[in-house]
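Colleague: Before I ask anything, let me first share the structure, which is written out below as structure tokens.
The values are calculated or read from the model by the stated rules, or taken from the named source; none is laboratory data. Note that the coordinates shown come from a computational prediction; the quantities given were computed from them, not determined experimentally. Here the Cβ positions follow ideal geometry from the backbone for every residue, glycine too, while neighbour counts run over all protein chains shown.
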Amino acid sequence: MTRVVVIGGGQNSEHDVSLASAAGMSAALRRRGFTVDEITIGRDGCWSHASESLGQTQARSMQAALGLIAGADAVLPAVHGPRGEDGALAALAELAGVAVVGSQLGAGALAMDKWATKLVAEAVGIRTARGRLIGRGDAGDVEYDGPVVVKPVAAGSSHGVSLVTDAAQLRDAIDQAAGFSDRILIEEVVRGREIDVAVLQEAGGMRWAAPPLEIHVADEALFDERAKYDGSARFTTPAQLTRGDGVALTTAATRMFDALGCAGVARIDFFLTSDGPVLNEVNTMPGMTEYSQVPRMFAAAGVEYDELVERLVASALERDSASSLTGRFLSE
């Protein structure tokens with residue numbers, strides 16, 4: 001029986017969201033006949049298994065967790081945000097020689113860095129909002145030149161993101177973003193429909209995009225942390241799009257997936273303007289409860305939640321098997 005270690009929690013502001021994703025995927029795998037070990041990384045960085053502490057320090061508890069990881073066929077790192085989605089856990093599993101469900105270190109690190117993601121997008125011909133990068137200590141040198149969005153370079157779930165419509169708001173917005181990242185991105189406001197596209201890499205390497213989803217929020221509002229979790233946002237799945245817009249969005253999403261080197265599943269978020277798609281961000285470990293955006297999109301394509309999670313594991317195992325064969329061939 002295939003054994004999967006699912007890791008949730010984490011030392012960042014998305015801890016609780018990650019626990020929900022991890023619990024949902026663990027339950028789905030058990031329903032599909034997998035053996036599942038659930039590991040939680042506490043807010044203090046200490047690891048636990050089945051609600052029992054694995055050690056009193058980060059290093060000791062991680063050492064004990066590695067014993068569980070070593071006995072697994074695959075590791076599913078369901079930790080959103082820094083020290084998880086940024087490739088840290090994927091690297092740990094890879095160094096342990098265990099298959100990783102989802103993107104590996106390089107893709108996770110690039111996608112987590114919103115500035116690096118912009119550079120990759122522009123290199124492959126995908127539009128992004130005009131913006132500038134500043135450091136935490138540069139806040140006093142920034143001048144207000146119209147409505148902007150201020151966001152931390154490396155954070156998820158829209159934590160620290162602010163819409164600034166008045167010069168008096170700018171410094172507070174920068175300080176808020178600086179609470180999540182030393183590097184801050186200031187972007188022009190893009191007016192358009194908010195459309196998400198999910199791309200899945202199946203076993204065998206084939207990639208395909210699920211029907212896009214549209215996010216509806218109040219006029220002039222951001223799809224920020226509050227809107228994501230207070231129930232005020234509405235979703236249309238699939239989004240009502242012209243054939244041309246649908247093709248443009250899914251083509252751009254798949255191109256970003258490939259350019260970043262993603263694996264498993266990724267959610268690519270766009271603004272759809274009158275001039276076409278503008279990339280917002282890429283999530284290599286998006287929310288994955290049964291009611292999250294990515295499962296909604298694949299359900300619209302006829303792939304229900306449990307099957308989606310199983311496909312993610314199958315893709316990781318196949319990829320790991322192919323990598324092992326290549327390594328054996330090169331060593332002979």
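Colleague: Output yes when any residue across region 150-157 is within 22 Å of the chain's Cα centre (by Cα), basic (Lys, Arg), at negative phi and part of a strand (DSSP E or B), and no when none is.
Modeller: Among the residues of region 150-157, at least one is within 22 Å of the chain's Cα centre (by Cα), basic (Lys, Arg), at negative phi and part of a strand (DSSP E or B), which makes the answer yes.
Colleague: Something else now. Can you go through 196, 145 and tell me which one is within 30 Å of residue 315 (Cβ to Cβ) and either touching a Leu at 6+ places or on another chain (Cβ under 6 Å) or in a loop (DSSP other than H, G, I, E, B) (or both)? Explain how you work it out, then say what you get.
Modeller: On the way: 145 fails: within 30 Å of residue 315 (Cβ to Cβ).
Being within 30 Å of residue 315 (Cβ to Cβ) and either touching a Leu at 6+ places or on another chain (Cβ under 6 Å) or in a loop (DSSP other than H, G, I, E, B) (or both) holds for just one of 196, 145, which is 196.
Colleague: Further question: Being at positive phi, in contact (Cβ under 8 Å) with a residue 12 or more places away in the chain and in a loop (DSSP other than H, G, I, E, B) is the filter here; which residues of region 2-60 pass it? Before you say what the answer is, go through the steps one by one.
Modeller: Pass one, region 2-60, residues at positive phi: 9-10, 33, 45, 50-51, 55.
Now restrict to residues that are in contact (Cβ under 8 Å) with a residue 12 or more places away in the chain: 9-10, 33, 45, 50.
Within region 2-60, 10, 33, 45, 50 qualify.
Colleague: Just to verify a result, which residue in region 146-159, among those that are in contact with a strand residue (DSSP E or B) (Cβ under 9 Å, 6 or more places away or on another chain) and modelled with pLDDT under 85, is surrounded by the fewest Cβ atoms within 10 Å (Cβ to Cβ)? Give the derivation first.
Modeller: First, pick out the residues of region 146-159 that are in contact with a strand residue (DSSP E or B) (Cβ under 9 Å, 6 or more places away or on another chain): 146-154, 156, 158-159.
Then keep just the ones that are modelled with pLDDT under 85; that gives 146, 156, 158-159.
Numbers: 146: 9, 156: 26, 158: 18, 159: 20.
Looking at residues that are in contact with a strand residue (DSSP E or B) (Cβ under 9 Å, 6 or more places away or on another chain) and modelled with pLDDT under 85, I get 146.
Results for (1) touching a residue at least 12 places away in the same chain (Cβ under 8 Å); (2) surrounded by fewer than 21 Cβ atoms within 10 Å (Cβ to Cβ); (3) under 22 Å from residue 19 (Cα atoms), shown as yes or no for each residue.
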residue	(1), (2), (3)
283	yes, no, yes
286	yes, no, yes
291	no, yes, yes
300	yes, yes, no
309	yes, no, yes
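Colleague: Being surrounded by 17 or more Cβ atoms within 10 Å (Cβ to Cβ), of a type outside the set (S, T, N, Q) and modelled with pLDDT of 90 or more is the filter here; which residues of region 215-247 pass it?
Modeller: 215, 239, 241, 245, 246
Colleague: Further question on the same structure: Out of 325, 317, report the one residue that is over 25 Å from residue 16 (Cβ atoms), surrounded by fewer than 20 Cβ atoms within 10 Å (Cβ to Cβ) and at pLDDT 95 or above.
Modeller: Working: 325 fails: at pLDDT 95 or above.
Exactly one of 325, 317 is over 25 Å from residue 16 (Cβ atoms), surrounded by fewer than 20 Cβ atoms within 10 Å (Cβ to Cβ) and at pLDDT 95 or above, namely 317.
Colleague: Among the residues of region 117-137, are any assigned to a helix (DSSP H, G or I), within 15 Å of the chain's Cα centre (by Cα) and modelled with pLDDT of 95 or more? First the steps, then the outcome.
Modeller: To start, the set of residues in region 117-137 that are assigned to a helix (DSSP H, G or I) comprises 117-123, 136-137.
Those left that are additionally within 15 Å of the chain's Cα centre (by Cα): 117.
Filter once more, so that each one left must be modelled with pLDDT of 95 or more: 117.
For region 117-137, residues assigned to a helix (DSSP H, G or I), within 15 Å of the chain's Cα centre (by Cα) and modelled with pLDDT of 95 or more: present.
Colleague: Among the residues that make up region 104-124, is at least one of them more than 22 Å from residue 260 (Cβ to Cβ) and either touching a strand residue (DSSP E or B) at 6+ places or on another chain (Cβ under 9 Å) or surrounded by 14 or more Cβ atoms within 10 Å (Cβ to Cβ) (or both)? Spell out the reasoning first.
Modeller: Filtering region 104-124 for residues more than 22 Å from residue 260 (Cβ to Cβ) gives none.
Taking every residue of region 104-124 in turn, none turns out to be more than 22 Å from residue 260 (Cβ to Cβ) and either touching a strand residue (DSSP E or B) at 6+ places or on another chain (Cβ under 9 Å) or surrounded by 14 or more Cβ atoms within 10 Å (Cβ to Cβ) (or both).
Colleague: Also, I was wondering about something else. On the given criteria, is residue 187 among the acidic types (Asp, Glu), part of a loop (DSSP other than H, G, I, E, B) and over 29 Å from residue 309 (Cβ atoms)? Steps first, answer last, please.
Modeller: Working: among the acidic types (Asp, Glu): yes; part of a loop (DSSP other than H, G, I, E, B): no; over 29 Å from residue 309 (Cβ atoms): yes.
So residue 187 does not fit the description; no.
Colleague: Taking interchain pairs and intrachain pairs at least six residues apart, which have beta carbon atoms under 6 angstrom, with the first residue in region 96-111 and free of Cβ contacts under 8 Å to residues at least 12 places away in the same chain and the second of a type in the set (A, V, I, L, M)?
Modeller: As it stands, the answer is none, since no pair meets every condition given.
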